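Q: Okay, here's the structure, questions in a sec.
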Amino acid sequence: MTKYIIKGGHPLHGEVTISGAKNAAVAILPAALLVDGPCRIENIPQISDVTLLLNILQELGADIRTVNRHTMDIDCTNVHSFHTPYALAHTIRASYYLIGALLGRCGQAEVPMPGGCDFGVRPIDQHLKGFRAMGAEIDNQEGFICANVPGGHLRGANIYMDIVSVGATINIMLAACKAQGMTVIENAAREPHIVDLANFLNSMGANIMGAGTDVIKVRGVDHMAGGSYSIIPDQIEAGTYMAAAAAAGGEVRVCNVIPKHLDCITAKLVEMGVEVEVEDDALVVRRNGPLRPVNVKTLPYPGFPTDMQPQIGVCLALAEGTSVLTESIWDNRFRYVDELKRMGANIQVNNKVAVFDGVKELIGAPISACDLRAGAAMIIAGAAANGITEISAIHHVERGYEDVVGKMRGIGVQIETRDFPDPVEEPAKAG
Ligand code: EPU
């Protein structure tokens, strides 16, 4: 078992370069299934969710060549299967984008029910409602979602989303690219990675308008040719390093970012008394004084992102006073609070609201990364805490953060990975 060991309590200094956006990459890789010919994709983050998706595409018959660490040539011309292998696909959330992409490509898809972080119930009814409106028949067989289009071709439809869903917006866009006629998605999500996916698809010949607004129109095309595309920087990875500088203090330059995507995070940190200097493609985050308490509510973009909720939670745990953090996207995204309490934080959770009474310091302790962003928050807490923090279940973090140890070291965090023997299971006692 590998753990992160952090010796914390020192202000941070240094520079970090942000990788390509995870949640854009996990949509753009399946989108390559719609392209007839090779596409070169640049700025792909090296994370385990991406490795899994590349393996799935290869199993389906895609030809994938590595150009360099972050660039791949992907050619799906010879993809021969619409059945996604269970062992690879059931662990990650983004495998559900294979439904939209395969339906758009060949009118058939068999994909396991998706996995991903555990935040309570994660329905996909809006995705399925969209596919059905476009003519697909869908049922659930032995853990697989089986979809097919009688006649082979999806047709455009008007789809009104009951809730704002990133995944459903992306999945319907994928399915609609090669459908017959126009698809209109109303009440669409507006996250930067939705715009990035639309830009990728358009650069390959799709006809998508309105991405980044709440009405997206997709006019189906017959053919999408290859090309090359570079993925945007990761908004949440950047926000995570900004929060690290805010929680531990010091001065950190966060490079290769799109500052506009970070406005919601920057605004909250400034309200807390953190200085943020905005450059063309970098931010300098500086904190010397105390953190002020603030209220935070997570919302779809351009609101404060739920994927930054645990990281800002660490800052609130150290602020001088009482803050209220309201989660409005997921039912159960406060599991990390118990870990922060082990470090001395004073937090009360009631359903989807957490009240933080800031403490003067956190103290290092053995804690667990309960999911991807909670794991990132635990690293920030370890960096800010006095003493040694030992973080287990780090595979969650590696799903979505490229070289987190190297990058954290680059800004002055004393972090290393250490192997421990796996715990031995106690034999069952008789009686
Ligand atoms: N929802 C439904 N029905 C649906 C789809 C969603 O009720 O068919 C609900 C969800 O239960 C949730 C809300 O709508 O309450 C929003 O869910 P959304 O579909 O937007 O989430 P997602 O697409 O499953 C993506 C990211 C998550 C991020 C959310 C919200 C990917 C692969 N995942 O999930 O990212 O939290 O959007 O921004 O893009 C992460 O990166 O750590 C992560 C969890």
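Values in this text are rule-based calculations from the coordinates and carry no lab data. Everything quoted here is computed from the prediction, not taken from an experiment. Counting neighbours? That spans all protein chains shown, and the Cβs are built from the backbone with ideal geometry, glycine included.
Q: If N is the number of residues in segment 173-220, what value comes out of its Cα radius of gyration divided by 2.2 N^0.38 Å?
A: Against the compact-globule rule of thumb, the ratio is 0.99.
Q: Arranged by the count of other C-beta atoms within 10 angstrom, fewest first, what order do 209, 204 take?
A: 209, 204
Q: With unit charges on the beta carbons (Lys and Arg positive, Asp and Glu negative) and the dipole taken about the Cα centre of the chain, which residue among 329, 375, 11 sits farthest to the positive side?
A: Sorting the options by dipole projection puts first 329.
Q: Next question, about the same structure. Using Cβ counts within 10 Å as a stand-in for footprinting exposure, how do 71, 417 rank, fewest first?
A: 417, 71
Q: Here is a further query. How many nm is it between the label spots at residue 416 and residue 40, if each spot is 7 Å from the Cα in line with the beta carbon?
A: Label-label distance for residue 416 and residue 40, simple model: 4.1 nm.
Q: Viscosity 1.306 mPa s, temperature 10 °C: give me the Stokes-Einstein translational D for segment 22-230 in µm²/s, with Rh taken as the Kirkwood radius over C-alpha pairs.
A: Approximately 96 µm²/s, per Stokes-Einstein.
Q: Now, a different point. Can you give the FRET efficiency for residue 67 and residue 403, using 1/(1 + (r/R0)^6), R0 = 22 Å, r = Cβ-Cβ distance, to the nearest 0.05?
A: 0.70
Q: Using θ = phi - 60° and the Karplus curve 6.51 cos²θ - 1.76 cosθ + 1.60, what whole-Hz ³J(HN,Hα) does each residue of segment 229-241 get, with Gly and Pro shown as x?
A: Residue by residue, segment 229-241 yields 8, 10, 6, 5, x, 7, 4, 7, 4, 4, x, 5, 6 Hz.
Q: Counting only residues 5 or more places away or on other chains, whose amide H sits under 5 Å from the amide H of residue 227 once H atoms are built in the peptide plane?
A: For residue 227, whose amide H was placed from the backbone, the distant partners under 5 Å are 39, 40.
Q: On the Cα set of segment 342-419, report Rg and Dmax in Å, please.
A: 13.1, 37
Q: Over segment 22-230, what is the mean sequence separation of C-alpha contacts under 8 Å (at least six apart), divided by residue count, expressed as relative contact order in percent?
A: Rounded, it is 21 percent for segment 22-230.
Q: Next question. Let me know the Kirkwood hydrodynamic radius for segment 231-286, please, with Cα pairs as the basis and the value in Å to one decimal.
A: Answer for segment 231-286: a Kirkwood hydrodynamic radius of 10.9 Å.
Q: Please tell me the relative contact order of the chain in percent, rounded to the nearest whole number, where contacts are Cα pairs under 8 Å and at least six residues apart. If you can, show how the numbers build up before the last one.
A: Values: 1060 pairs, mean separation 88.9, N = 431.
Once normalised by length, the contact order is 21 percent.
Q: Here's something else I'd like to know. How big is the dipole moment of the chain about its Cα centre under a simple scheme where the beta carbon of each Lys and Arg is +1, that of each Asp and Glu is -1, and everything else is neutral? Debye, nearest 20, please.
A: Dipole about the Cα centre, nearest 20: 460 debye.
Q: Further, regarding this structure: Residue by residue through segment 208-215, what is 3J(HN,Hα) from phi via Karplus (6.51 cos²θ - 1.76 cosθ + 1.60, θ = phi - 60°)? Round to whole Hz and write x for glycine and proline.
A: Values per residue, Gly and Pro as x: 10, 10, x, 4, x, 10, 8, 10 Hz.
Q: Among all lysine pairs in the chain that are eight or more places apart or on different chains, how many have alpha carbons less than 22 angstrom apart?
A: Taking the chain as the scope, the lysine pair count is 19.
Q: How far is it, in nm, from the label point at residue 348 to the one at residue 328 when both lie 7 Å from their Cα along the line to the Cβ?
A: 2.3
Q: Enumerate the calculated ³J(HN,Hα) couplings along segment 20-27 in order (Karplus 6.51 cos²θ - 1.76 cosθ + 1.60, θ = phi - 60°), each rounded to whole Hz, writing x wherever the residue is Gly or Pro.
A: x, 6, 4, 6, 7, 4, 6, 8
Q: May I pose another question? With the calculation restricted to Cα positions, what are the radius of gyration and Dmax of the chain in angstrom?
A: Gyration radius and largest Cα-Cα distance of the chain: 22.0, 69 Å.
Q: Among DSSP beta bridges lying fully in the chain, give the percent that are antiparallel, nearest 5.
A: Restricted to the chain, the bridges split so that about 70 percent are antiparallel.
Q: For a quick check: sort 352, 407 by the number of other beta carbons within 10 angstrom, fewest at the front.
A: Placing the least packed residue first, the sequence is 352, 407.
Q: What nm value, rounded to one decimal, do you get for the distance between residue 118 and residue 180 when each label is placed 7 Å out toward the C-beta?
A: Inter-label distance under the simple model: 4.6 nm.
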